[in-house]
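In what follows, a structure is listed as structure tokens, so that the remarks can point back to it.
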Amino acid sequence: MAEATALCLKLRIPFVLYRVPGENCIFFSNPGISNKSIRGIDFRISMWNEPYCDSVVIKDELDETETLSELKTHKPDKEENTLIFPWPISTNRLQYEGQLRKVISHLKKRGGKTVISRVVAKPWSHYPEKWAETANDVFNSYPDAMCCLYYTPTTGAWLCASPELLMDADIKGRTLHTIALAGTRKIQTGNSAEWPDKDVEEHNIVKAYIADSLESLGSKVTISKTETCRAGKVEHLLTKISANMPEGLTVEKFLDTVNPTPAICGYPTDTALNEINDTEVHSRYCYGGYISVETQSRVTAFVNLRCVHFNEERMALYAGSGVMPESTPEGEWEETGAKLSTIGDKIMRKQTEA
């Protein structure tokens, strides 16, 4: 798989290497030369704030053995031209904190929440073999995350280790599972420490939004007890939510209704989107969108978090935090820094080894 991954990155062939929590790794590429499907799987990439119908889809045309055989002996007619490139400039801390003061001022007047992200941009020349090695490190380090490495001409190349399930739908059984994941802090000793009111309120906004969205679609909703879960160097508040899928409720309708959730955007949604557009100077591209694995019987989607966008010359790591009226710019900078280290530490270790 690592060899096939490196070859696809080198030749700019659409591919994905992924692992859903609790399952084995799967690789497939889509060079457009065989027109067959191995397992009947689609890997869907929805970029930030885009509808389901505009997603980019990679189909399972070749597995890793076939990829190596076909692409080593048959050079593609032409290399794919990548349409987007990693953001080249890191977010400046002084600018970021100044922007957050303005956002916090607005939130104190109107209430709600807005998720503001930042970028760390770095040069990177160890391509493509080191990215396959780095992906292996990330996959092994975060067994409870949706881990994937993918490339398409539309999206460019991304590595992701997302802890946030957006949807797990059993199409035949007509059931749907999702989570509310919001509220972040550094890992505490034991789980007895109480969460700050700011994080609890932030979490409750996300939980209520998802439950209300499902009920508006005709679902009967069951909400579990909120718990604390670990993700890299931070921990989050997590609530599991289950629902039935009544007649007429499709995967597409649910994803278009709930995405983007307050966990990655804010609330009210339109107000938060406007604030994000007015505040962030970088493009989110795939960060904050979602990735999904789709078969005829099951669709599993995760929010595209803890991710890095890269090419032959540089990379851009993304992280965001939920800004509330009680937030401080310094606290949000520290929170995003902890999130950035989830993948960032693995990449920097590979860079040191190179």
* Structure fact -> Looking across the stretch 47-67 at residues that are part of a strand (DSSP E or B) and open to solvent by 30 Å² or more (accessible area, probe 1.4 Å), the single one that is nearest to Leu166 (Cα to Cα) is Val57
* Structure fact -> Given the conditions (1) open to solvent by less than 10 Å² (accessible area, probe 1.4 Å); (2) in contact with a strand residue (DSSP E or B) (Cβ under 7 Å, 6 or more places away or on another chain); (3) not in a helix (DSSP H, G or I), every one holds for Thr261 apart from (2)
* Structure fact -> From the option list Arg19, Arg39, Arg44, single residue qualifying as open to solvent by 50 Å² or more (accessible area, probe 1.4 Å) and charged (D, E, K, R) is Arg39
* Asked: Restricting to strands (runs of 3 or more DSSP E) lying wholly in the stretch 149-255: which have 2 or more residues that are surrounded by 22 or more Cβ atoms within 10 Å (Cβ to Cβ) and either under 23 Å from the mean Cα position of the chain (by Cα) or not β-branched (Val, Ile, Thr) (or both)?
  -> 156-162, 165-170, 175-186, 234-244
* Asked: Can you name the residue in the stretch 266-290 that is of a type in the set (A, V, I, L, M) and open to solvent by less than 10 Å² (accessible area, probe 1.4 Å) and, of all such residues, is nearest to Val308 (Cα to Cα)?
  -> Ile276
* To do: Could you please find all residues in the stretch 276-312 being within 18 Å of Met324 (Cβ to Cβ) and in contact with a helix residue (DSSP H, G or I) (Cβ under 6 Å, 6 or more places away or on another chain)?
  => Thr279
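Residue by residue, here is whether (1) under 24 Å from Met146 (Cβ atoms); (2) part of a helix (DSSP H, G or I); (3) in contact with an Asp or Glu (Cβ under 7 Å, 6 or more places away or on another chain) holds:
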| position | (1), (2), (3) |
| --- | --- |
| Ile84 | yes, no, no |
| Thr91 | no, no, no |
| Leu94 | no, yes, no |
| Val120 | yes, no, no |
* Structure fact -> Residues of the stretch 301-328 being buried (at least 20 other Cβ atoms within 10 Å of the Cβ) and over 13 Å from Leu159 (Cβ atoms), in sequence order, are Ala301, Phe302, Val303, Ala319, Gly320, Ser321, Gly322, Val323, Met324, Ser327
* To do: Working only within the stretch 15-43, note down all residues that are touching a residue at least 40 places away in the same chain (Cβ under 8 Å), within 16 Å of Ser69 (Cα to Cα) and assigned to a loop (DSSP other than H, G, I, E, B).
  => Pro31, Ile33
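The values are calculated or read from the model by the stated rules, or taken from the named source; none is laboratory data. Everything numeric here is computed off the predicted structure, so don't read it as measured data. Because the Cβ atoms are built from the backbone with ideal geometry, glycine has one as well, and the counts that use them run over all protein chains shown. To get the accessible areas, we keep the full protein, side chains included, count just its heavy atoms, and leave off ligands, DNA and RNA. Shrake-Rupley method; radii C 1.70, N 1.55, O 1.52, S 1.80 Å.
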